[in-house]
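The values are calculated or read from the model by the stated rules, or taken from the named source; none is laboratory data. Not measured: the values here are computed from a predicted model. Virtual Cβ from ideal backbone geometry, glycine too; neighbours counted across all protein chains shown.
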2 protein chains.
Amino acid sequence: MSSAGKGNIPKERVTIREIAAEARVSIATVSRVLNHPEQVSDTTRKAVEAVIERNHFVMDGMATALASKRSRTIGLIIPTITNSIYASSTQAIQKAAQEQGYSVLLGVSEFSAREEAALVRRLLERRVEGLILTGAERPERIYETLERNRVPFILAWQPSGHPERPSVAFDNYQAARLAMRHLIQLGHRRIGLICGRTTANDRALARRQAYEAEMTALGVPRREWLVFERDFEFIEGRTAMHRMLDARFRPTAVFCANDIQAIGALAECRDRDLAVPDEISIVGFDDLPISQYLSPQLTSIRVPASQMGFLAAEKLIAWIEGKVMPESEILPVTLIRRGTSGPPAK
Amino acid sequence: MSSAGKGNIPKERVTIREIAAEARVSIATVSRVLNHPEQVSDTTRKAVEAVIERNHFVMDGMATALASKRSRTIGLIIPTITNSIYASSTQAIQKAAQEQGYSVLLGVSEFSAREEAALVRRLLERRVEGLILTGAERPERIYETLERNRVPFILAWQPSGHPERPSVAFDNYQAARLAMRHLIQLGHRRIGLICGRTTANDRALARRQAYEAEMTALGVPRREWLVFERDFEFIEGRTAMHRMLDARFRPTAVFCANDIQAIGALAECRDRDLAVPDEISIVGFDDLPISQYLSPQLTSIRVPASQMGFLAAEKLIAWIEGKVMPESEILPVTLIRRGTSGPPAK
DNA sequence: ATCCGAACTGAAAACGGTTTCAGTTTTGAG
DNA sequence: CTCAAAACTGAAACCGTTTTCAGTTCGGAT
């Protein structure tokens, strides 16, 4: 009478040893059936597989990871998951990782440097074999920890500018210039900016700097009532636009450095019966899928979020397995001209 | 001269043994400093902590998990991460887990039962201490594996209806009826349906069934050209609406069983210069944050995605730590009446 | 000084696998 | 049939922690 029949449920978790005993082989053989089935004779393999199946046996990945020194997990730290631009990048990373047999351990930092540091530590403890980080700017201490622990990492969303720190990104500064140039070419001079908080967020900072550089180049004096730095929420875009429209000199165009805020801003214009783009132009950034379902459709900068995620994951895994640091890569962005941008009113 | 000075980087990862050696204590003491600092004298503790700090030492969570039989990880399987309704639920789960010192291992099933089964296995291998699953309907085999491995799990998004399988959910059937009743009370009788694929998706199925039940109760014969079952994409909602409007008898209202498709449908109406709600009413489902930034604002069913996620995580962790299965819970939903629903045209 | 309990520390046995190395079978050619 | 090579299998040494149990040290009361 064998110890584990079809019906009864073992109190303790079944281990490779029970399987070995029941199949009358050594644990080494069971391990091989699971990892290198070609090294085991057909007869033995089938027998062992049957026992495994019958007992619903699932290997202990912790023990495996410990013994093999491979966790087959990569870490991903992003500021938020609710912004669909990060969601799609995350999805792509998941997919790339899955394809290569890796899992993704996700950390959400909520735009906090402290939280990010804590997450890096947590993920290191979980023995991720590599890490994808959002943005390039962070306390040096974090990079030190990473290097001391010899964990490969890739920076995404912002070029790294450091030869030892590969990145897969697009150039936020140039991309924001693209948006600004578009408005300037249409004839706008008084241009407002609504952007995300620039603390612990080098992407938002780069975009803001591009705005300021273009305005300076235009010879337009800096007007504090034209610049709003807010959280990434629809409502923040809306209230920023609200205040901008109440200012002494309304801008003829507003560059929203992300689509979330742009959508809020657009709603505010609609509520005020302000014609877009005839009375005011809006250019967004991110080109969220939703943006072309708005009315009017949003002019925006399309960023390669999925592609970036996919590439980052692939390069990271190549690095992990090939031990050779990948090249950084800068991905192109495009201005998608749609219905919210036009020449200024006379 | 100590073995690991400030500057040099050890080739191999530093373990608790090196720390113990350098601090001239046993590994047991180092372990205690890390896990039960109150059991160690101040002098010893400080000394050990200094060595840990100096070496950027990070514990091996795999070894910890193996030895302590606690992974402090829970698994979450959702169909997609790009739909912001799942993203916000995921965010809430992350937060609840984090607060209690757990990590979340995320699996994206892409609405595939096969993929879900594979993910359950993967997560079990990763020794998640509990699991949150989306929906209640799946092959019995999966539940067996879960039970055999004694892994607590909570079902979310759809009531379980099984006493041994706790769920934190809202009632999709009743929620969909709420939407239908709203339209019926406004005077609509010829109502269309656009919903998600109902294979391997009991939520979508429940919503569709509610639609059909209400239509039957209304005595309206079933019209196949009024029902569209499509993928969860804006464009699918749009093309479904397109075809519905080309049908022999246009509906006076359309129930979209999710906001994504509703947004697509709304865009189609706008492109055709069809007045909403004067010529056609639309009711959505999910009440995405974006839905009130549309024009007109979308009438929708608000579902407690975050609350549900948070509660599910809390209950799961309570179960893990208290060993006692929690009660199922049904959360209320609300109809948010906004601008896309009104009485039918005369 | 002496003694006692409390506080602290260390040795060693798990935890559940992988992997090396050496034996034991098979296989196939001569 | 013989024998070497190839294919297969098992014993045992890890992997880096936690935790129990027993020993040691310390502080304070006598």
Some residue of segment A:135-154 being modelled with pLDDT under 95 and under 30 Å from residue A:264 (Cβ atoms): no
Segment B:272-303: number of residues that are under 16 Å from residue B:183 (Cα atoms) and surrounded by 24 or more Cβ atoms within 10 Å (Cβ to Cβ): 10
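Looking only at residues in segment A:33-52 that are aliphatic (A, V, I, L, M) and farther than 10 Å from residue A:23 by Cα, which one is farthest from DNA strand D (Cβ to nearest atom)?
Among those residues, the one meeting the criterion is A:34.
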Residues of segment A:57-73 that turn out to be in contact with a helix residue (DSSP H, G or I) (Cβ under 6 Å, 6 or more places away or on another chain) and either within 8 Å of chain B (Cβ to nearest Cβ) or more than 16 Å from DNA strand C (Cβ to nearest atom) (or both), as a count: 8
For residue A:79: the one exception among (1) touching a residue at least 60 places away in the same chain (Cβ under 8 Å); (2) within 11 Å of chain B (Cβ to nearest Cβ); (3) not hydroxyl-bearing (Ser, Thr, Tyr): (2)
Selection count, segment A:116-146, where residues are within 9 Å of chain B (Cβ to nearest Cβ) and free of Cβ contacts under 8 Å to residues at least 12 places away in the same chain: 2
Counted residues, segment A:102-113 - those being under 18 Å from residue B:104 (Cα atoms) and surrounded by fewer than 21 Cβ atoms within 10 Å (Cβ to Cβ): 1
Yes/no for residue A:238 being over 25 Å from residue A:201 (Cβ atoms) and not aliphatic (A, V, I, L, M): no
Criterion violated by residue A:28 - all others in (1) near DNA strand C (Cβ under 7 Å from one of its atoms); (2) within 9 Å of another protein chain (Cβ to nearest Cβ) satisfied: (2)
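Restricted to segment A:197-239, and to residues that are within 14 Å of chain B (Cβ to nearest Cβ) and within 26 Å of the chain's Cα centre (by Cα), which residue is surrounded by the most Cβ atoms within 10 Å (Cβ to Cβ)?
The extreme case among them is A:237.
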Residues that are over 12 Å from residue B:340 (Cα atoms) and within 10 Å of chain A (Cβ to nearest Cβ), drawn from segment B:271-292: B:271, B:288, B:289, B:290
Residue within segment A:255-271 that is assigned to a loop (DSSP other than H, G, I, E, B) and surrounded by fewer than 23 Cβ atoms within 10 Å (Cβ to Cβ) present: no
